[in-house]
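In what follows, a single structure is set out as structure tokens and then discussed.
Each reported figure results from applying straightforward, stated rules to the coordinates on display, with no laboratory input. From a predicted model like this one, the values you see are computed outputs, not experimental measurements. Cβ placement follows ideal geometry from the backbone for every residue including glycine, while neighbour counts extend to all protein chains displayed.
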Amino acid sequence: MAQLRVVAIASLTPLEELDREPFLVDSRGQHAMCARWAADRGYVVTRELLLHGLRPDHRALWSDVDAGEVDGFVAPSERVLGRALSSAREFAEECARRGVSLQTVGEGEPAYDAEMKARVHRRLSMPTAGYNGC
């Protein structure tokens, strides 16, 4: 049996919002949550998207679907979808129209302490300095 292939959607949220919205800023954490969810179900993440307010009909969302390379989408939560897309409702409708699944992980967002926020800040503020986020 072939594995189901999914695209993981994360929100692109400015670093300036780290104190207020740490999970929305932590795109790596969002993608990791989606990857764990997919692995637990025997799915494979074929692509990771990092989006902010993208139109639901944007070609970047649908190119892999149109090519037959993707069976669905996964996002950590409705909140992430709401930030990543200009209309999560329209995106869900388009998924249904095209016959592809749209899932949310449905776990609670992690609580970020000062150390976790500092790691996210370092990773996002020093990407060109060779920092790999470890």
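The table below lists the values:
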{"item": "5 angstrom amide H check on residue 112, placed H, neighbours 5+ away", "result": "none"}
{"item": "Cα gyration tensor, region 1-80 - rounded (a/c under 1.5), prolate or oblate", "result": "oblate"}
{"item": "Amide H contacts of residue 71 (H built 1.01 Å from N, under 5 Å, at least 5 apart or other chain)", "result": "5, 6"}
{"item": "Test item: Cα-centred dipole of the chain, Lys/Arg +1 and Asp/Glu -1 on Cβ, debye", "result": "200 debye"}
{"item": "Per-residue HN-Hα couplings for region 78-88 [Karplus 6.51, -1.76, 1.60; θ = phi - 60°; Hz; x = Gly/Pro]", "result": "4, 4, 5, 4, x, 8, 6, 10, 5, 8, 5"}
{"item": "Among 24, 125, 11 - extreme Cα towards positive end, dipole of the chain, charges at beta-carbon", "result": "125"}
